[in-house]
Amino acid sequence: MRNSEQRLHGAIVKRRKVPKFSLCNLPMDMLSGILSLLPINDAVRTSILSRKWKYVWCSHTNLTFDKGTMRKHDAKAFTGYRVPRDEEFITRVDTVLRQHNGMGVERMKIKFRLHSKHADHIDRWVNFAIASKTKDFVIDLSGYAKTAFFRDLSCGKRTVREEPYNLPLQLFSPNYGSCLRCLELTTVSLQLPTDFKGFFNLKILSLVDVSITDEHVQCMLSKCNLLEFLEIAYCRMVTSIRMLHPLNQLKHLVVDICPKLQGIELNCSPITLKYTGKYLPLIFASTSRLTSSSILFLTSQSALSYIVTGFPSTLSRLETLTLFCKERERTVVPEGPFKFTYLRNLRLELVLYGQETRKTDVLDYSYLLKIAPFMETLELSMWMNCQHQPYHKEDGELRSGPPHQHAHLKSVRISGFFGHKDQVELALHVLRSSIVLEKMVITPKLEISNGLALSDCFYEEKHYADGYRVATEFVCKADYHNIVNVVRAPVRQLWKREGTVIGDGAKGVAGVC
């Protein structure tokens, strides 16, 4: 007993002798690395902890200046903070950069609504990034999200803007060009110097709402040989993105709504492609590496026709395709040997227009099962922007698509199902043709992305109810394996004819056939 007590006492003594761990005992470079994981405003606050901590934050390697990190305390505000005014934001950024040691900056981001009037201040910040050899540099002077650009330009809205800030020529000097790995510019004006040598190590280039000419785009691309990611979005002056110089390292290309753009021709072989805008030729040296593509046409274009005839036959490795189209006319698709051998995931977003008589036919999309024989998931989001005609037995017998057995399709989701006759016919064709199908979800709810369809409240009372009824009555009857799930769309509010609210907040209900 005495021996056990001595052993226990010895263990307690040893435990007491273990020195307490303190962050202050860590090397200065390690402390600096830890603080760099914090937002800059929180890192600066550690300077009041002790003498040793006073200047640790001055080696912060991730400098993000936006309305969140530069916010002002305000006891009257609901959150206790408020967004700083222009002068306050500028003062706070200047204060931080004056105390920073200007070394080892990995990333510097400025995101706040500023323009040419603030050029002197922004120039100082750019010069700091150059002097500190910042590797990732982000300047976003728009003050709002990219979705705001999309909303304005997709509907042709013309906004009155302040004169954009002109980037200084020092940013494109050879000394800094060898350090930069990532350059993201938003709402600025860019003009390259005549002796521009290039960004030798640049891998990411994003130009959003940038005032830049075709010539300067071409010049910049020709001198960024290691570029892997390129984004050109909402640039109102760009009419052509053309580069015959090989971009052998380019893997990811994003082009979003450049209103004057007439064509894209690049000497590259991208892996992913995202395009939004009007229909135009997309020409690449090769598309043999392309595995994922997302294309959103804002002008009328048949999705089926574009899939069969608009895509090059070299898309042999495409695995995931997302396509948005507005259709007004039915297109006769030519028969041919074209097939997506590697396509596994397909998402189509279709806006089908029509006045008194709609000219499009949803059943035509049964052809997809033939040209994508190894497809595993299919998402078909529709907006029937036409006269509402839910199917009844009195409307005639349902047609059948061309007989075909698909041996790989496992998951199908059809949204925007308002119960039109050709919608029912397509759902039945897919159900009967897919011999390994595990689930089919049908919902009347609109799931068109980017806000390009009307709000739910226009359809909840009539269209959504009809879609649920028709799918339950006709599609479920053909479901012999219990795999169809008809989802009643959530109803936010029901209206009387006089316009008064009689209920709200009803949750969606799923009915399994």
Can you give the direction-averaged projected area of the convex hull of the alpha-carbon atoms in the stretch 61-238, in nm²?
11.2 nm²
The stretch 380-470 - percent of accessible surface contributed by carbon and sulfur, probe 1.4 Å:
50 percent
Relative contact order of the stretch 344-492, pairs being alpha-carbon contacts under 8 Å that are 6 or more residues apart, as %
24 percent
Roll a 1.4 Å probe over the protein chains and send me the accessible area per residue for the stretch 344-492 in Å².
44 Å²
For E473 and N450, extending 7 Å from Cα along the Cα-Cβ vector and measuring point to point gives, in nm, a value of 3.6 nm
Go through K326/K370; K260/K370; K146/K251; K274/K359; K109/K146; K439/K462 and tell me which ones have a Cα-Cα distance over 25 Å in this structure.
K260/K370; K274/K359; K439/K462
By the scheme Lys and Arg +1, Asp and Glu -1, what is the net charge of all other residues having a beta-carbon under 13 Å from that of K146?
-3
Name the long-range amide H neighbours of V484: under 5 Å, sequence gap of 5 or more, or other chain; modelled H, no Pro or chain starts.
M440, C513
Can you give the local net charge around L185? Use residues other than it whose beta-carbon is closer than 11 angstrom to its beta-carbon, Lys and Arg +1, Asp and Glu -1.
-4
Within the stretch 405-428, backbone nitrogen closer than 16 Å to the virtual label 7 Å beyond the Cα of H481 toward Cβ
405-413, 427-428
Determine the share of the stretch 180-283's accessible area contributed by carbon and sulfur atoms, expressed in whole percent, with a 1.4 angstrom probe.
53 percent
Compute the separation of the alpha-carbon centres of the stretch 362-430 and the stretch 236-305 and state it in Å as a whole number.
29 Å
Magnitude of the Cβ-charge dipole of the stretch 344-492, K/R +1 and D/E -1, about the Cα centre, nearest 20 debye?
320 debye
Accessible area expressed per residue, the stretch 201-336, with surrounding protein chains retained (probe 1.4 Å, Å²)
40 Å²
Taking R0 as 22 Å and r as the Cβ-Cβ distance between C219 and S189, the FRET efficiency 1/(1 + (r/R0)^6), rounded to the nearest 0.05, comes to 0.90
With 21 Å as the cut-off, how large is the P(r) tail for the stretch 322-481, expressed as percent of Cα-Cα pairs?
44 percent
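At R0 = 41 Å, how high is the FRET efficiency between N248 and L169 if r is their beta carbon distance? Nearest 0.05 is fine.
After rounding to 0.05, the efficiency reads 0.90.
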1/(1 + (r/R0)^6) with r = Cβ-Cβ of K117 and Y306, R0 = 30 Å, i.e. FRET efficiency to nearest 0.05, evaluates to 0.10
Excluding H429 itself, what net charge comes from residues whose Cβ is under 15 Å from its Cβ, given Lys and Arg +1 and Asp and Glu -1?
-1
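The values are calculated or read from the model by the stated rules, or taken from the named source; none is laboratory data. Keep in mind it's a predicted model, so treat the numbers as computed, not measured. Cβ coordinates were reconstructed from backbone atoms using ideal geometry, including for glycine residues, and neighbour counts include every protein chain displayed. For accessibility, only protein heavy atoms count, side chains too; no ligands or nucleic acids. Shrake-Rupley method; radii C 1.70, N 1.55, O 1.52, S 1.80 Å.
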